[in-house]
Amino acid sequence: MKTRILGWVALAAVAAAVYAALRVVPADLNQGDAQRIMYVHVASAWLGYLSFGVTALCGILWLWRRDLRFDSVAVAGAEIGVMFTAFAIWGGMMWGRPVWGVFWQWEDPRLTTTALLIALYVGYLLFRRLADDPERRATRAAIVGIVAAVDIPIVHFSVEWWRGLHQGATIGSPERILNPAAPAQFVATLVGMVIAFTLAWSYLMIRRYQLAQSELAREEAARIDRITGARTAEVAR
Amino acid sequence: MSELRREASLALAIARKDALAELRGRHAAVSTLFFAAVVLLLFGFALGPDAARLAAAAPGLLWLAVVFAGILAVNRLHLLETDDGALEQLALYPVARRAIYAGKAIGGFAVMLTLGLLVLGAVGILFAIDVVGALVPLVVTVVLGTAGIAAVGTFYAGVTVRLRAREVMLPLLMLPVLAPLLLAAVKATGAALAGDPFGELGAWLQLLAAFDVIMIVAGAATYGYLLEDG
């Protein structure tokens, strides 16, 4: 029941924030309406990173505590993280086309880093599907998730260098909008959007966690069925 | 101290065994090398016969060929262990698991380094590049690059070795993680070949070395969990 209330609150918050971003806040002088994409784009990107952080953290906790609930949170983080990251890339491409003139800008370190991030975690999710034993799956997935998280800063750092050693930030990067010179209205809308998206993220995380727990319970029941079934067959013989 | 020495001697024994197996089962190593050569040829066809363009693309082609062939090599080195349940036997040895990781990684490194140097020579011949003129920085780059591929590859080969879809999953997991290494190695190779006009070679080699250290530590710290549950 509490989760359901959270869901409705999140939905209302996202609707309000989207309304504010589209209708209330004025368009950016240089970029026009395209700049409005930034609000959802930054919020999704932040949640992508948060999700992957949660996945890595839960991987460590599983290896330490051996409680499968951590593994359920980890899979929720990876799946929802891939979703938000894909949304962030899609928004970035929609923004890049009018502002940069191209969908894909190889020079932008964030874009290339994020694309690799998706590849890392899609790999993680595919890997999970292949293992059958829940505990073995949890252990291997935890290790893969931890190494992926370790790789993220190296990827970011190297791509940043690759673009040309010692260069300033990309034009139109979120930092410029978030800097103190940006109008307070823009900042307020962005903060509101981030809060609304984070609420929606919390709701999705809880639901996905519950689903993962049910899946585990079903696997366990099937396993017990197999064992007892085999035993009854033996007795009948 | 003696504990550490025991670990080192076990690691070296495993590495030696792997290197010997590679040497004696020559056809497998030769086929990996041949695969790298074919990849280089196909890249040449894909980019067209323009010599200047091929020479400009050579550092990237070199490292893609090494990475692709590396996938085959690390996969084979781990298959050696599962065929007769040898990995379980290794796990019974009363030493830290990181020694086993180190042994497999060093063995993989020896194989990869040989492969990398041979591919470097092939790139020099095929794409008409003066490899000898910048031999020292190029060899350093190949050493650091193949060490990273061996460190990451050994780890992921251990993760995927028991899966049915191993052939797909190994590159799928390994390649995105290797992206920063590929990038730094290509940049370092390009800088070395051009005589390092912007003085950036050192920075890229440092990045490669940092990648190697981080991945070796991560692999050594987590590899034990892979052996634990079979």
If only one of B:72, B:47, B:42 is of a type in the set (A, V, I, L, M, F, W, C), free of Cβ contacts under 8 Å to residues at least 60 places away in the same chain, out of contact with any Gly (no Cβ under 7 Å at 6 or more places or on another chain) and under 25 Å from residue B:98 (Cα atoms), which one is it? B:72
Consider residue A:39 against the criteria (1) crowded, with 21+ Cβ neighbours inside 10 Å; (2) touching a His at 6+ places or on another chain (Cβ under 7 Å); (3) more than 23 Å from residue A:206 (Cβ to Cβ); (4) not polar (S, T, N, Q): it satisfies all of them except one. Which criterion is unmet? (2)
Residue identified as away from chain A (no Cβ under 11 Å), within 30 Å of residue B:90 (Cβ to Cβ) and in a helix (DSSP H, G or I) among B:135, B:178, B:118, B:170: B:118
For segment B:156-167: of the residues being crowded, with 16+ Cβ neighbours inside 10 Å and part of a helix (DSSP H, G or I), which is nearest to the other protein chains (Cβ to nearest Cβ)? B:159
Look at residue B:227 and say whether it is part of a helix (DSSP H, G or I), surrounded by fewer than 24 Cβ atoms within 10 Å (Cβ to Cβ) and under 17 Å from the mean Cα position of the chain (by Cα). no
Check on residue B:211, within 9 Å of chain A (Cβ to nearest Cβ) and outside any helix (DSSP H, G or I): no
Got a sec? Which of B:149, B:71 is assigned to a helix (DSSP H, G or I) and within 25 Å of residue B:201 (Cα to Cα)? B:149
Of everything in segment A:100-117, what is surrounded by 19 or more Cβ atoms within 10 Å (Cβ to Cβ) and away from every other protein chain (no Cβ under 14 Å)? Give them in sequence order. A:108, A:110
In this structure, is residue B:103 surrounded by 21 or more Cβ atoms within 10 Å (Cβ to Cβ) and at pLDDT 90 or above? yes
With criteria (1) out of contact with any Asp or Glu (no Cβ under 9 Å at 6 or more places or on another chain); (2) in contact (Cβ under 8 Å) with a residue 40 or more places away in the chain; (3) in a loop (DSSP other than H, G, I, E, B), residue B:95 comes up short on (1)
Out of segment A:82-120, which residues are of a type in the set (S, T, N, Q) and either without any contact (Cβ under 8 Å) to a residue 12 or more places away in the chain or outside any helix (DSSP H, G or I) (or both)? A:105
Looking for whichever is modelled with pLDDT under 85, more than 17 Å from the chain's Cα centre (by Cα) and not small (Gly, Ala, Ser) here; the options are B:53, B:26, B:6. Which one fits? B:26
Odd one out for residue A:166, checked against (1) in contact with an Asp or Glu (Cβ under 9 Å, 6 or more places away or on another chain); (2) modelled with pLDDT under 75; (3) not basic (Lys, Arg): (1)
For residues that are farther than 15 Å from residue B:139 by Cβ, hydrophobic (A, V, I, L, M, F, W, C) and within 11 Å of chain A (Cβ to nearest Cβ), tally how many sit in segment B:187-203. 2
Mind telling me which of the residues B:191, B:165, B:184 ends up being under 25 Å from residue B:106 (Cβ atoms), of a type in the set (Gly, Ala, Ser) and touching a Leu at 6+ places or on another chain (Cβ under 9 Å)? B:184
What tally of residues in segment A:47-84 results from selecting those that are in contact with a Ser or Thr (Cβ under 9 Å, 6 or more places away or on another chain), within 14 Å of chain B (Cβ to nearest Cβ) and of a type in the set (A, V, I, L, M)? 3
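The values are calculated or read from the model by the stated rules, or taken from the named source; none is laboratory data. Since the model is a prediction, treat every value here as computed from it, not as a measurement. Because the Cβ atoms are built from the backbone with ideal geometry, glycine has one as well, and the counts that use them run over all protein chains shown.
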